[in-house]
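For reference, the structure is listed below as structure tokens.
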Amino acid sequence: MRPLYIVHALPFFDPATRFGGPIAQLRRTCRGLADRGHDVRVVATDLDIGPDLPRERWLERDGYRIWYAPVGRLGRFAPYYAPRARPPLLEALRQAQVLHLALSFTHMNVLGRRLARTLDVPYVYTPRACLDPVRLRQRHVSKRLFTSLFERTVIRDAAAIHVLTRAERGHALAQGARPEQCVIIPNGAELDEHTVFPDGSIFRRHCNIHRDAPLVLFMSRLHRIKGLDILVDAFAGARQHIPSAQLVIAGPDEGMRRTIENRARQLGIAKATHFVGRLDGDLRLAALRAADLFALTSYSEGLPNAVLDACAAATPVLISDGCHVPEVATYRAGRVVGTCARDVSIALREMLADRRHLKTMGEHAQRMVRERFAFSDTIDRLERMYHHLATRTGKTAGSANTDASAIRAA
């Protein structure tokens, strides 16, 4: 395929890791596209990137370029008002063939849509679970207002709406998307059969967990949407039958740690519950290998990277149906249950009671990732979508209409 000029715009980007999986997935995507010869630019704000990275100039990273636009006080909260992102976005879009907008209810989408239409650049819109009814109920008044003023227009004018799952396609349609707009391209797993995993005993020693103790791993943001309350209650019930079981909770705190710590004390499982913070590098890989099973009982997800990474590590998973990975059941890579603590507890107990079957599930999980969530396949499908849009609109690099009065109006 011929190289394309692709621009990604979103309100935050790596190293702003507290914003979770979408940032990690986009970082990998930009690197993957650049490795295939595409000219990739990212325009984001400087939210949570720390003081050391330069602002307001193009920075080289892993073959692509990124611009961090400073935000003021208003830009630090949704919808992340970012007027200083306009000049670099305008500069990039003058030569771009495709714009890709990510996440919903952001000023960057409003700005990107206006400039893209002015310059005749087709854009892709990826909501990444933001249109899930569970999430729409959070701050529902402000989201309803933003939707009526801006979001439905962003959806309407998109050349394509990239959704991760069939469930997310339904959420987009409910907000006004047209069926022909929607393109299902799942996240790709960062890890694969070529990943070298450290011995899991490294992590068990790090946490002072006995090598034979059944270990349940949660690895995600400690946010209420992630269903940690369900998991802790369920683990307490399962531990009555498997008293040596241990629960590791890994990830940055987003307001839930104290609540979960208090709940663990109330349930009498505080000594069996280990909070280890965010894990990176070899320790993260060792944790995935050390776990007997990975658990994510989230109320709402797009397509969680952590689940795919656990499966790539041959770790079986116990997930809620809110994770939207039905392939786990299809491939017998674990169990999919509802967000009921009793059901989760029964599944935990049954899975931990048969460690030989867990090993088989882990093998199925690796096969699932290889066949359905290979990252190279994700890049292939994104490339095809971008080429289709650029060809359909006749866009070639540098061909955008740059009439000055139209740009000022945008």
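The values are calculated or read from the model by the stated rules, or taken from the named source; none is laboratory data. This structure is a prediction, so every number in the text was calculated from the model and none was measured. Every residue, glycine among them, receives a Cβ derived from its backbone with ideal geometry; neighbour counts consider all protein chains shown. Side chains are part of the model used for accessible areas, which takes the heavy atoms of the whole protein and leaves out ligands, DNA and RNA. Shrake-Rupley method; radii C 1.70, N 1.55, O 1.52, S 1.80 Å.
Here are a few things to note about the model shown:
- Between the amide H of residue 8 and those of 41, 42, 43, 100, distances stay under 5 Å, these residues lying 5 or more places away or on another chain, with hydrogens modeled in the peptide plane.
- Shown in residue order for the range 139-146 are the 3J(HN,Hα) couplings computed by the Karplus curve 6.51 cos²θ - 1.76 cosθ + 1.60 at θ = phi - 60°: 6, 5, 5, 5, 5, 5, 5, 5 Hz (x for Gly and Pro).
- Sequence ranges 48-56, 265-273, 230-238, ranked by mean other-Cβ count within 10 angstrom, highest first: 230-238, 265-273, 48-56
- Restricting attention to the range 12-97, close to 45% of DSSP beta bridges with both partner residues there are antiparallel.
- Residue 183 long-range amide H proximity, modeled H, under 5 Å: 161, 162, 163
- Histogrammed with a bin width of 5 Å, the alpha carbon distances of the range 104-241 distribute as 2, 8, 13, 14, 14, 12, 9, 9, 8, 7, 4, 1, 0 percent, first bin at zero.
- Positive-end residue, the range 289-400 charge dipole about Cα centroid, Cβ charges, pick of 322, 361, 294: 361
- Inter-part distance, the range 322-385 to the range 191-260, computed on C-alpha centroids, equals 17 Å.
- Per residue accessible area in Å² of the range 230-380, where ligands, DNA and RNA are left out and the probe is 1.4 Å: 41
- Enclosing the Cα atoms of the range 218-376 in their convex hull gives a volume equal to 101 cubic angstrom per residue.
- Stokes-Einstein translational diffusion, the range 1-78 - Kirkwood Rh over all Cα pairs, 1.002 mPa s, 20 °C, in µm²/s: 166
- Peptides 304-312, 339-347, 73-81, 106-114 ranked from most to least packed by the mean count of surrounding Cβ atoms within 10 Å: 304-312, 106-114, 339-347, 73-81.
- Annotation: the antiparallel percentage among DSSP beta bridges lying fully within the chain is about 10.
- Taking the Cα centre of the chain as origin and assigning +1 to Lys and Arg Cβ atoms and -1 to Asp and Glu Cβ atoms, the resulting dipole is close to 920 debye.
- Against the rule of thumb 2.2 N^0.38 Å, how large the Cα Rg of the range 171-307 comes out: 1.20
- Solvent-accessible area assigned to carbon and sulfur over the chain amounts to 48 percent, based on a 1.4 Å probe.
- Interchain or long-range residues, amide H under 5 Å from residue 334's placed H: 317
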